[in-house]
Amino acid sequence: MKLKSSEPFWLVKNGIINSYPSLRENLDTEILIIGGGITGSLIAHQCIKDGYKTILMDRREIGHGSTSATTSMLQYEIDIPLYQLIDLIGKKAAVECYWACYKSIDDLKKIAQLIKSDCGFKKKESLYFAALKKDVSWLKKEFEARKKIGIPVKWMEAEEIYKKYRLKNSYGGILSEQGGSIDAFRLAHDILAYNYKKGLKIFDKTDVKKVTNKQNGVTVVTEYGTTITAKKIIYCNGFESTEIIKDNFVKLLSTYAIVGERSEDDQSYLNDTLFWNTAAPYLYMRTTDDNRLLIGGEDEDFVNAEKRDALLNDKSGRLTKYLKKILPNYDFRMDFVWAGTFGETKDGLPYIGKHPNFPSAYFVLGFGGNGITFSVIGMKLVSEMLKNKKHTLAEYFKFRR
């Protein structure tokens with residue numbers, strides 16, 4: 001019997017990159033960051049750049065949370081289409097959010113280049129295609145909304161999509177110039193290693209047992225009884241923030257992904273583009289830098305990790321079947337299958353900033369399909385907030401909005 005790995009592809013591909021100790025002493029710092037994934041690494045990068053004495057801590061090994069499960073598709077598109085987001089939060093806010101996500105992909109590229117990361121950052125186009133004929137009308141409405149605010153987009157008919165990508169069963173779509181892909185697990189490690197040399201202290205496998213919040217700082221007690229006192233604490237712990245914030249502010253979902261064996265065939269017709277469709281929940285697809293095909297989706301409500309993982313066989317079968325439907329001539333053999341948990345908000349936007357119940361704390365929670373780009377935006381917001389300045393996006397990303 002041939003077993004397929006249920007470990008996320010990125011963990012197996014990269015192995016152990018860097019290992020950090022658990023906390024064995026009491027420490028004092030200016031900034032304490034909780035969460036050692038891609039979000040925490042980016043916020044740590046900004047804090048070190050801004051000159052703060054900074055500690056980063058994670059309950060797991062670095063990058064072993066959602067960062068290990070992400071498909072690392074870099075998109076400016078928010079889960080809520082632009083024309084709908086305009087109705088939800090107003091034109092000015094919606095346009096600013098979309099453009100901020102658009103620019104964040106280039107900002108991330110600069111960071112990857114600065115630290116000389118081996119994360120395989122690659123700029124790509126993005127094709128958002130209609131999965132059903134009835135979706136064409138609203139997708140064209142979305143195309144016009146993006147075009148109207150200056151985002152470089154092109155409408156592609158089904159025949160053109162098939163000719164260029166060999167993609168069947170689409171009914172037309174929006175081709176965007178802006179997109180990208182990375183290995184987020186590798187990038188998080190590379191960012192942390194770069195900043196470790198600049199004075200960032202990193203501790204993994206250290207869980208937080210108690211946090212005492214005061215107006216002038218926090219005191220954190222770990223599972224080992226060690227303590228950290230900090231002027232500010234920044235939570236970059238994604239869906240695990242629901243353990244401490246009792247508001248009903250995010251819906252947790254399970255998502256599934258599969259990666260095929262390394263292809264010996266020419267995949268150049270797929271390599272420069274991200275693909276995702278209008279299905280609910282939507283499916284998404286891209287190639288990896290070692291010539292594999294990755295497809296994900298089949299999202300459903302998260303109950304617990306055991307029930308989520310029990311569906312791996314069923315979900316991988318469904319994803320494989322759909323892949324055969326849209327790329328019938330592609331020789332796909334599954335090599336990896338895994339599941340992850342992520343958060344979905346009502347307006348598709350993240351939560352970044354203070355929460356009224358937690359003095360001296362900030363949260364950077366990049367929920368949604370493009371959490372990585374939200375985290376890049378979060379760098380700028382946190383930098384401004386720590387200086388008691390107000391960022392224009394802060395109002396749109398605040399709690400209890």
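The conditions are (1) within 28 Å of LYS325 (Cβ to Cβ); (2) assigned to a strand (DSSP E or B); (3) of a type in the set (Val, Ile, Thr); (4) out of contact with any helix residue (DSSP H, G or I) (no Cβ under 8 Å at 6 or more places or on another chain), and VAL136 fails exactly one of them. Which is it?
That leaves (2) as the condition not met.
What are the residues in the range 284-301 that are crowded, with 21+ Cβ neighbours inside 10 Å and assigned to a loop (DSSP other than H, G, I, E, B), if any?
Listed by number, the list holds a single entry, THR288.
I'm told THR219 meets every condition in (1) modelled with pLDDT of 95 or more; (2) within 24 Å of PRO359 (Cβ to Cβ); (3) not in a strand (DSSP E or B) except one. Can you identify the failing condition by its number?
(3)
Please go through (1) in contact (Cβ under 8 Å) with a residue 24 or more places away in the chain; (2) touching a strand residue (DSSP E or B) at 6+ places or on another chain (Cβ under 7 Å); (3) not assigned by TED's automatic domain parsing to the domain that holds GLN46 for TRP155 and return the number of the only condition it doesn't satisfy.
Every condition holds for TRP155 apart from (1).
Looking at GLY15, GLY65, GLY51, which one is at pLDDT below 95 and more than 18 Å from the chain's Cα centre (by Cα)? Write out each step before concluding.
Numbers: GLY65 fails: more than 18 Å from the chain's Cα centre (by Cα); GLY51 fails: at pLDDT below 95.
On inspection, the qualifying residue turns out to be GLY15.
The values are calculated or read from the model by the stated rules, or taken from the named source; none is laboratory data. Since this is a predicted model, take the numbers as computed values, not measurements. Reconstructed Cβ throughout: ideal geometry from the backbone, glycine too, with neighbour counts over all protein chains shown.
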